[in-house]
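This report concerns only the one structure given below.
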Amino acid sequence: MTPAGASRASSSADADAPQEDRGGTVKGSGKGDTRRSGDGITDAGTAGAVAAEPVDADAVAPTPDDIGEVLLALGGRLTRLQTELLAGLGQPLTIRQYRILSRVNNGHTSLTALCKLAHRNPSTVSQSVDKLVQQGLLTRGVSHTSRRTMRLALTDTGLAALEAGDQALGKFTAELTARLPEETRDLIRPALYQLYAEIQGHLDSR
């Protein structure tokens, strides 16, 4: 799965984004206090020093040391927006429910397969599956290859809910980069794919 596809099946945590005004923080008010700006550190107590212009935090590019924090902040905001979009559908879904429907539709029809993909224990995934069955979005049957293995399938209602979620999230992800020139997308795409792969590998090992 590419990062573009994974954006519609990201972490289920719905955390608020941390503060995003780090670039313009002013510490203290006395002589010798330091003041952070987009261009570096200035001495607020130096005689004749020109006061630093207010810094627009959104316009300050993150330094390499800030990349992890930016990812956490961005991930939290995107998760919150995905949660709101899915909750506003005609058939409301949580991110986890949407993910399960999507994975079952892609052929991962056993509880074991869903647990491995979600990195969750069977009881947690089973509770989500049970609710989807009760809502009429999934059916639970027996595998054709082993009667001891549960086989899940989408109902017509479940497929319609998944398609509505795909459409809403597809529009949302397209809007995220709509203002980026094509040459910029081509430039950053390889780096994003590499970052995605490395982070996934790190998280899978935990």
>> So if I take the alpha carbon set of segment 62-204, get Rg, then get Rh from the Kirkwood formula, what is the Rg over Rh ratio?
In response: 1.03
> Which FRET efficiency value, to the nearest 0.05, do you get for LEU72 and ASP186 by plugging their Cβ-Cβ distance into 1/(1 + (r/R0)^6) with R0 = 25 Å?
Replying inline: 0.40
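About the Cα centre, and with charges only on the beta carbon of Lys, Arg (+1) and Asp, Glu (-1), how big is the dipole of segment 113-206? Nearest 20 debye, please.
Working: 12 positive and 10 negative charges, 128 e Å.
Here segment 113-206 has a charge dipole of around 620 debye.
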>> Per residue of segment 80-89, what does 6.51 cos²θ - 1.76 cosθ + 1.60 with θ = phi - 60° give for ³J(HN,Hα)? Whole Hz please, x for Gly and Pro, Karplus curve as stated.
In response: 4, 5, 4, 4, 5, 4, 5, 5, x, 6
> Which trypsin sites (Lys or Arg not before Pro) in segment 74-178 pass both tests, a DSSP loop state and at most 16 other beta-carbon atoms within 10 Å?
Replying inline: ARG120, ARG147, ARG148
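How much FRET efficiency would the formula 1/(1 + (r/R0)^6) give for TYR196 and ALA113, where r is the Cβ-Cβ distance and R0 is 25 Å, rounded to 0.05?
That gives a FRET efficiency of 0.70.
Every number in this text was worked out from the coordinates using simple rules, so none of it is lab data. What you see is a predicted model, and the numbers here were worked out from it, not measured in a lab. Please note: Cβ atoms are built from the backbone with ideal geometry, for glycine as well, and neighbour counts cover all protein chains shown.
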